[in-house]
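Asks: Starting off with a structure, shown below.
The values are calculated or read from the model by the stated rules, or taken from the named source; none is laboratory data. None of the values given here were measured: they were computed from a predicted structure. With ideal geometry, Cβ positions are generated from the backbone for all residues, glycine too; neighbour counts draw on all protein chains shown. The area values use the complete protein model at the heavy-atom level, side chains included, leaving out ligands, DNA and RNA. Shrake-Rupley method; radii C 1.70, N 1.55, O 1.52, S 1.80 Å.
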There are 2 protein chains.
Amino acid sequence: MAEYQAPLRDMQFLLNEVFEADKLWASMPATEEVTPDLVDAILEEGCKITGNLIAPLNRSGDEEGAQWSDGSVTTPKGFKEAYTTYAEGGWGGLGGDPEYGGQGMPKMLTVLFEEMMYAANSSFALYPALSAGACLAINAHASEELKQQYLPKMYGGVWCGSMCLTEPHSGTDLGIIRTKAEDNGDGSYAITGTKIFITGGEHDLTENIIHLVLAKLPDAPAGPRGISLFLVPKINVNDDGSLADGNAVSCGSIEHKMGIKASATCVMNFDGAKGYLVGEVNKGLAAMFTMMNYERLTIGIQGLGCSDRSYQSAVEYARERIQGRAATGAKTPEKVADPIIVHPDVRRMLLTMKSTTEAGRAFSTYVGMQLDIVKHHPDEEQRKKAEQLVAVFTPVAKAFFTDLGFENTVHGQQIFGGHGYIREWGQEQLVRDVRIAQIYEGTNGVQALDLMGRKTVASGGVYFQVFAEEVRQFVAANQTDAMQEFLQPLSESMQQLEDLTGWVIEEAVKNPNEVGAASVEYLHVFGYVSYMYMWARMAKAALGEEASDDFYKSKIFTARFYTKRIMPRIQGMILSVKAGADPLMEMGDELF
Amino acid sequence: MAEYQAPLRDMQFLLNEVFEADKLWASMPATEEVTPDLVDAILEEGCKITGNLIAPLNRSGDEEGAQWSDGSVTTPKGFKEAYTTYAEGGWGGLGGDPEYGGQGMPKMLTVLFEEMMYAANSSFALYPALSAGACLAINAHASEELKQQYLPKMYGGVWCGSMCLTEPHSGTDLGIIRTKAEDNGDGSYAITGTKIFITGGEHDLTENIIHLVLAKLPDAPAGPRGISLFLVPKINVNDDGSLADGNAVSCGSIEHKMGIKASATCVMNFDGAKGYLVGEVNKGLAAMFTMMNYERLTIGIQGLGCSDRSYQSAVEYARERIQGRAATGAKTPEKVADPIIVHPDVRRMLLTMKSTTEAGRAFSTYVGMQLDIVKHHPDEEQRKKAEQLVAVFTPVAKAFFTDLGFENTVHGQQIFGGHGYIREWGQEQLVRDVRIAQIYEGTNGVQALDLMGRKTVASGGVYFQVFAEEVRQFVAANQTDAMQEFLQPLSESMQQLEDLTGWVIEEAVKNPNEVGAASVEYLHVFGYVSYMYMWARMAKAALGEEASDDFYKSKIFTARFYTKRIMPRIQGMILSVKAGADPLMEMGDELF
């Protein structure tokens, strides 16, 4: 497999040329010290640590896997050293709150670094990803005391975090969890229960692990409104921040999985473990959602990262592997065959990967921008608008990035032919590793239901209109001849998406099943239209420069490919949604 | 994972009710002794051996894998015993030529048994699958002497076969192979070279392995017209059929793969090994195609088998796993949640699996019927027509069955949520195992090129018209009210496919790249229209019976789902094909 090289030029293009991040940062007090030079330097260092240190551990990590023995988990060879370098480099607190030792870098930057991490090594990336999410929830909901005690060590990477939601009988449906919390009367609670599928629940990378655990108090109401959130350290922490005795938390086993084998997926047992309430009693699910929304975006980015790494390898292979001849006559007559990049279908797969990965990267940067506005913008109207966009974009990013990430790694594997199925080339690992991203942090079906139900039908389409309006304004503001080939399909597909949104909202009144019957295909239509918007924005930034610089030329060709050969996909999906729920629901359960 | 239970009722429905196989068999001298009772008995026994003996070795075979040591390959525990039972039961010669000890059963039956085998255990199924293909090539092209010497032992399962085509630098492009054959002057040849990716090239199931090897004679023309086919036994065979000394054939190693881990994928070294010419000098590729066409269909059937097994498990899980509530109110208020089969999106995934697996099974039976007509029908006109259908159907079956098989196992895995990613449930293994079927025996891209180029553009659409005409006749002959909901979409989509076929044939004259640019999506459109035809035929057989029997009722609902929610997929594909080759070809190689 080709070594991984972060796509720095594309990242800089997005920040500086497409989204003009410097202007935004300069306009917000919290980010006014973030300069393009500083950001460039960080991206360059990120490129080095991911390419030189973390990516080389990807294959060996997969072969070796995380190992469980007697309650302890050993990460594969090299992980601990790499993690220490990562932590000492300050990467753990890159986006963290400066008040507690974080570096306060904007989300627009951290999403790009996250992509590098997943591309380099998805299993490795998950340990800090869970930690960063836990920090967010603690920072947003915990008491000042807990924040001071835990955040600096977590930002510093000295301690890691985990997220303990799922139980054997309770995954998507968290309302039925059984883990209990009892008040110890001293400001702490005793947590008892079993959690499964806990990523990084136990490992040897850090001296302590801080679990955020959903549990129910004895008198809590049934269902999702009776859930509270607790901070439960693996090792208790003294008031001065030093480590005390071990807490009653243990790792019962780890799962044997299809992929991300170097990431420990743990069964965690809490036997009256000492925990501390985060946020209000019975409002734990809302507090946990701070973390989950973060995790959803980052897991989406796992899809992008794996997709890009698969693309990099596939392009290299397609240029080197010779097999058959071009349909229009030999391209390299001096060799016994032409490189397979001459074949239209190989190019179709490569361009599908390239066009959707680059659009995805643009979209993740754009979502990062909205998150920065929500957090830092002085204007309330702007913040509110951005918040509504984030509400609809989060499930789209999580599900669409990972569905296409999976499709793309499968293309990347296919380009290698038989060699793609053999472990040594690394392409099959990417397929296995990215597959989980469609499942965890809420399956992509659950994301689609969130988008279609809570975010769209329940709001009467208000959030959607914020997005549609922004796109309309972009189209109106950029009416040049050269832009027409991108603006027309953007306008038309946005109109189709708007019609479809209205159709589902109307039908859902008559039949609540229409929401779930439309959701997955609706999310995909939404995703493709969003990517068309990203391509129009990238084309705008590239047009006029394409004669002098291959980077821009490549952008225009890729935008064109996306417009002409990928966008048609939505036509079938729209028709399928409009066929309605009946074909799904009429058949009796016993007839399956 | 649910135990595998072959779908006997559906198989009988296809043979007896949809395709009325008994009438066909009675009309052909070679099959006139094949009665529905006999076929039922065979299917029932097939159900037992696959469900009780072979399926239980699937998970353990994956965990243990085939093991290589010092040139020998050991199959996982239980494989040898199960194979012996299989061979002794006569299954190895089920479709074999009765003149050499085969049972002469029609292909319509053997395709169904093959599906059972792959569903039960894809790794296991591959050993006899390669053997059956080798027998076909030997029977069609080898000398009478070779046939008498090898076929009875191979049909009896005492010896296995393998297919040795690929070399490290030569996969799709067989014209550039380097393996050499030199005439020994005694009727034998000395074969020297290295072959890779040889399924079942070495193993411990049988006392001998008969390799069919592509090689070049010293004076052979360059390219595909200089390839000859040789039979090379692992152990030389005396004139009386007893085993002599070992041949100069050795297994250098086996591959470590994403899946089908219990199938040994071998590097085979031939060091002047003694071989015998099969067919004519320099016409080896044509002779090998007898085997390859067989393998292509059977590998397609691997897609069906894995898909069905994944479906069986997913339905069981969706009925048992409780999580969340139905959108229209609790279905099982006595429990804390409803079974997930109440959710529209879970049903969408299940029905996608069901509708495409059942249509695929129908299509494989229908292709089997055409193969039986080609082989046995007394009427030359019928044989010729069937031959043309088989020419177009073979690449469609191989690629479409496996592309949908992959999609379906991914759905099956998704329905299990996080549990689908854990090895113990078996769903992830099906995804890994079926993935190879899109790659080997000619990647699905190569199949699409064969369909679009050789079979369609090169013939000016003649073969396609045979199919279109058959469908038109079916539509004309079945104009009842109840059939309209299936006949109309069938007619319309067939018309669209016909238009698209004509469009590509025309464009290809102007630009040879249009063939490869259209091919994969064209094959999918072809596949979906073929499945629509299958659903119309199944609906015809089921209509009128649905009130009295749930089996027929399920067929009608599934046909409706397919028509309304799956068929729209082709609309996007058609538009994408018609966007043409330029968006793929215009970008310079250096811009990827």
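Asks: Given the conditions (1) free of Cβ contacts under 8 Å to residues at least 60 places away in the same chain; (2) surrounded by 15 or more Cβ atoms within 10 Å (Cβ to Cβ); (3) among the small types (Gly, Ala, Ser), which single one is not true for residue B:41?
Replies: For residue B:41, the exception is condition (2).
Asks: Provide a single number: the residues in segment A:399-442 that are more than 7 Å from chain B (Cβ to nearest Cβ), under 20 Å from the mean Cα position of the chain (by Cα) and part of a loop (DSSP other than H, G, I, E, B).
Replies: Number satisfying all stated conditions: 2.
Asks: Please tell me if residue B:537 is among the basic types (Lys, Arg) and either within 11 Å of chain A (Cβ to nearest Cβ) or more than 22 Å from residue B:480 (Cα to Cα) (or both). First the steps, then the outcome.
Replies: Numbers: among the basic types (Lys, Arg): yes; either within 11 Å of chain A (Cβ to nearest Cβ) or more than 22 Å from residue B:480 (Cα to Cα) (or both): no.
For residue B:537, the condition - among the basic types (Lys, Arg) and either within 11 Å of chain A (Cβ to nearest Cβ) or more than 22 Å from residue B:480 (Cα to Cα) (or both) - is not met.
Asks: Pairs only if they're at least six apart or on different chains, beta carbon under 7 angstrom, first in segment A:407-422 and small (Gly, Ala, Ser), second outside any helix (DSSP H, G or I) and at pLDDT 95 or above; list them, first residue then second.
Replies: Cβ pairs passing all conditions: A:417/B:439; A:417/B:443; A:418/B:166; A:418/B:197; A:418/B:439; A:418/B:440; A:420/B:439.
Asks: When you scan segment B:187-200, do you find a residue that is among the β-branched types (Val, Ile, Thr), crowded, with 24+ Cβ neighbours inside 10 Å and under 18 Å from residue A:336 (Cα atoms), even just one?
Replies: no
Asks: So, one more: For segment A:48-76, how many residues are farther than 25 Å from residue A:250 by Cβ and either surrounded by fewer than 20 Cβ atoms within 10 Å (Cβ to Cβ) or over 23 Å from the mean Cα position of the chain (by Cα) (or both)? So that I can check it myself, show each step before the final result.
Replies: Going through segment A:48-76, the residues farther than 25 Å from residue A:250 by Cβ turn out to be A:48-60, A:62-63.
Imposing the further condition that a residue be either surrounded by fewer than 20 Cβ atoms within 10 Å (Cβ to Cβ) or over 23 Å from the mean Cα position of the chain (by Cα) (or both) reduces the set to A:48, A:51-53, A:56, A:59-60, A:63.
Residues that pass the stated criteria total 8.
Asks: Identify the residue in segment B:150-170 that is in contact (Cβ under 8 Å) with a residue 12 or more places away in the chain and within 20 Å of residue B:446 (Cα to Cα) and, among all such residues, is most open to solvent (accessible area, probe 1.4 Å). It would help to see each step written out before you state the result.
Replies: Residues of segment B:150-170 that are in contact (Cβ under 8 Å) with a residue 12 or more places away in the chain, as a first pass: B:150-168.
Narrowing further to those that are within 20 Å of residue B:446 (Cα to Cα): B:163-168.
Working: B:163: 19, B:164: 0, B:165: 18, B:166: 35, B:167: 6, B:168: 70 Å².
Filtering first and then ranking leaves B:168.
Asks: Next up: Can you name the number of the only condition in (1) of a type in the set (Phe, Trp, Tyr); (2) open to solvent by 30 Å² or more (accessible area, probe 1.4 Å); (3) within 14 Å of chain B (Cβ to nearest Cβ) that residue A:486 fails?
Replies: Failed condition: (2).
Asks: Exactly one of these conditions fails for residue A:358: (1) out of contact with any helix residue (DSSP H, G or I) (no Cβ under 9 Å at 6 or more places or on another chain); (2) more than 11 Å from every other protein chain (Cβ to nearest Cβ). Give me its number.
Replies: Answer for residue A:358: the failing condition is (1).
Asks: Within segment A:447-463, can you find the residues that are assigned to a helix (DSSP H, G or I) and either at the interface with chain B (Cβ under 9 Å from one of its Cβ atoms) or open to solvent by less than 10 Å² (accessible area, probe 1.4 Å) (or both)?
Replies: Of segment A:447-463, the ones assigned to a helix (DSSP H, G or I) are A:447-457, A:462-463.
If the condition is that a residue be assigned to a helix (DSSP H, G or I) and either at the interface with chain B (Cβ under 9 Å from one of its Cβ atoms) or open to solvent by less than 10 Å² (accessible area, probe 1.4 Å) (or both), then A:447, A:448, A:449, A:451, A:452, A:453, A:456 are the ones that fit.
Asks: Ok, one more. Within segment B:489-526, how many residues are assigned to a helix (DSSP H, G or I) and within 14 Å of chain A (Cβ to nearest Cβ)?
Replies: Here is the first cut: in segment B:489-526, the ones assigned to a helix (DSSP H, G or I) are B:489-510, B:513-526.
Now narrow it down to the ones that are within 14 Å of chain A (Cβ to nearest Cβ): B:489, B:492-493, B:496, B:500, B:504, B:507-510, B:513-525.
Qualifying residue count for the region: 23.
Asks: From the list A:35, A:85, exactly one residue is polar (S, T, N, Q) and closer than 30 Å to residue A:545 by Cα. Which is it? Step through it out loud before you land on a result.
Replies: Numbers: A:85 fails: closer than 30 Å to residue A:545 by Cα.
Criteria check complete, one pass: A:35.
Asks: Now for a different question. Within segment B:388-396, is there a residue that is at the interface with chain A (Cβ under 10 Å from one of its Cβ atoms), crowded, with 24+ Cβ neighbours inside 10 Å and in contact (Cβ under 8 Å) with a residue 24 or more places away in the chain?
Replies: To start, the set of residues in segment B:388-396 that are at the interface with chain A (Cβ under 10 Å from one of its Cβ atoms) comprises none.
No, there is no match, as no residue in segment B:388-396 is at the interface with chain A (Cβ under 10 Å from one of its Cβ atoms), crowded, with 24+ Cβ neighbours inside 10 Å and in contact (Cβ under 8 Å) with a residue 24 or more places away in the chain.
Asks: Can you work out which of the residues in segment A:330-353 that are more than 7 Å from chain B (Cβ to nearest Cβ) and in a helix (DSSP H, G or I) is nearest to residue B:450 (Cα to Cα)?
Replies: It comes out as A:346.
Asks: Of everything in segment A:557-582, what is more than 7 Å from chain B (Cβ to nearest Cβ) and open to solvent by 40 Å² or more (accessible area, probe 1.4 Å)? Give them in sequence order.
Replies: Result: A:578, A:582.
Asks: Then there is this: For segment B:298-342, which residues satisfy the criterion of being in contact (Cβ under 8 Å) with a residue 24 or more places away in the chain, out of contact with any Phe, Trp or Tyr (no Cβ under 9 Å at 6 or more places or on another chain) and open to solvent by 20 Å² or more (accessible area, probe 1.4 Å)?
Replies: B:316, the sole residue that qualifies.
Asks: Has segment B:69-83 got at least one residue that is touching a Leu at 6+ places or on another chain (Cβ under 7 Å), touching a residue at least 24 places away in the same chain (Cβ under 8 Å) and among the aromatic types (Phe, Trp, Tyr)?
Replies: The answer is yes; a qualifying residue exists.
Asks: So which residues in segment B:229-243 are open to solvent by less than 40 Å² (accessible area, probe 1.4 Å) and over 18 Å from residue B:165 (Cβ atoms), if there are any at all? Even if it seems obvious, please write down each step before you answer.
Replies: Step one: filter segment B:229-243 for residues open to solvent by less than 40 Å² (accessible area, probe 1.4 Å), giving B:229-233, B:235-237, B:241.
Of everything in segment B:229-243, those that are open to solvent by less than 40 Å² (accessible area, probe 1.4 Å) and over 18 Å from residue B:165 (Cβ atoms) turn out to be B:235, B:236, B:237, B:241.
Asks: Identify the single condition in (1) open to solvent by less than 30 Å² (accessible area, probe 1.4 Å); (2) out of contact with any Lys or Arg (no Cβ under 7 Å at 6 or more places or on another chain); (3) more than 27 Å from residue B:511 (Cβ to Cβ); (4) not charged (D, E, K, R) that residue A:373 does not satisfy, given that it satisfies every other one.
Replies: (2)
Asks: Follow-up question, since we're still on this one. Considering segment A:15-48 alone, what residues qualify as being of a type in the set (A, V, I, L, M) and in contact with an Asp or Glu (Cβ under 9 Å, 6 or more places away or on another chain)?
Replies: At the first step, the residues of segment A:15-48 found to be of a type in the set (A, V, I, L, M) are A:15, A:18, A:21, A:24, A:26, A:28, A:30, A:34, A:38-39, A:41-43.
Matches in segment A:15-48: A:15, A:21, A:24, A:26, A:28, A:30, A:34, A:39.
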